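The values are calculated or read from the model by the stated rules, or taken from the named source; none is laboratory data. From a predicted model like this one, the values you see are computed outputs, not experimental measurements. Please note: Cβ atoms are built from the backbone with ideal geometry, for glycine as well, and neighbour counts cover all protein chains shown. These accessible areas exclude ligands, DNA and RNA; they are computed on the full protein's heavy atoms, side chains included. Shrake-Rupley method; radii C 1.70, N 1.55, O 1.52, S 1.80 Å.
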Amino acid sequence: IANPEIIKVNQAWHGHAGSAYALSSKRTKLGPNSLLDSMYDDDDIEFPSWQMFYKPIDASSTAVLVLNSAELPATLTVDFGQVPDTPCLVTCALRDLFDRTDIGIHQTNYTFLVDAHDAAFFLLKRP
């Protein structure tokens, strides 16, 4: 990894290592060529179609990682009020950690597209 912003998230400690906080009730099977398929003899390995993880970074910011395990792109929404330990329940400044770009200030939530078998990684900050 050569992205210092993601390394900072990895190295941060603000009382919690982070964990999943939201997941799809819809399940998706991983294909026969997936990494997990090569590790297990079970052809029916299922995961939530999408999952959202959070990690507190400091008193003013929380990182959110969104994984789309589905075969199709998914339009997903991060609802700021559902993210544990977020310092901005209503108004958040967002940064795309993969692209290293500021997304802007948003009210209550942020909706975005995640390609199939892809991820999105954001930093939510108090504006």
Subset of the range 1-16, residues open to solvent by 70 Å² or more (accessible area, probe 1.4 Å) and over 17 Å from T101 (Cα atoms), comes to I1, N10, Q11, W13, H14
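Return the total of residues in the range 88-107 being part of a strand (DSSP E or B) and either surrounded by 12 or more Cβ atoms within 10 Å (Cβ to Cβ) or touching a residue at least 40 places away in the same chain (Cβ under 8 Å) (or both).
Of the residues in the range 88-107, the ones part of a strand (DSSP E or B) are 91-96, 101-107.
With the extra rule that they be either surrounded by 12 or more Cβ atoms within 10 Å (Cβ to Cβ) or touching a residue at least 40 places away in the same chain (Cβ under 8 Å) (or both), the set shrinks to 91-96, 102-103, 105-106.
Counting residues in the range 88-107 that are part of a strand (DSSP E or B) and either surrounded by 12 or more Cβ atoms within 10 Å (Cβ to Cβ) or touching a residue at least 40 places away in the same chain (Cβ under 8 Å) (or both) gives 10.
Looking at the range 67-87, which of the residues that are of a type outside the set (V, I, T) and open to solvent by 80 Å² or more (accessible area, probe 1.4 Å) is nearest to L124 (Cα to Cα)? Give the steps one after another, and end with the answer.
At the first step, the residues of the range 67-87 found to be of a type outside the set (V, I, T) are 67-74, 76, 79-82, 84-85, 87.
Still in the running and open to solvent by 80 Å² or more (accessible area, probe 1.4 Å): 71-72, 82, 85.
Values: E71: 28, L72: 26, Q82: 12, D85: 11 Å.
Filtering the range 67-87 for residues that are of a type outside the set (V, I, T) and open to solvent by 80 Å² or more (accessible area, probe 1.4 Å), the one nearest to L124 (Cα to Cα) comes out as D85.
Give the residues of the range 1-11 that are over 16 Å from the mean Cα position of the chain (by Cα) and touching a residue at least 24 places away in the same chain (Cβ under 8 Å), sorted by residue number. Working first, answer last.
The initial filter retains those residues of the range 1-11 that are over 16 Å from the mean Cα position of the chain (by Cα), namely 1-4, 11.
The answer is N3, and nothing else.
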So which of L113, L123 is open to solvent by less than 60 Å² (accessible area, probe 1.4 Å), part of a strand (DSSP E or B) and not charged (D, E, K, R)?
-> L123
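Regarding D58, is this residue at pLDDT 90 or above, over 17 Å from D118 (Cα atoms), surrounded by 11 or more Cβ atoms within 10 Å (Cβ to Cβ) and among the acidic types (D, E)? Working first, answer last.
Working: at pLDDT 90 or above: yes; over 17 Å from D118 (Cα atoms): yes; surrounded by 11 or more Cβ atoms within 10 Å (Cβ to Cβ): yes; among the acidic types (D, E): yes.
Spelling it out, D58 is indeed at pLDDT 90 or above, over 17 Å from D118 (Cα atoms), surrounded by 11 or more Cβ atoms within 10 Å (Cβ to Cβ) and among the acidic types (D, E).
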Being part of a strand (DSSP E or B), surrounded by 11 or more Cβ atoms within 10 Å (Cβ to Cβ) and modelled with pLDDT of 90 or more, is that true of even one residue in the range 29-41?
-> no
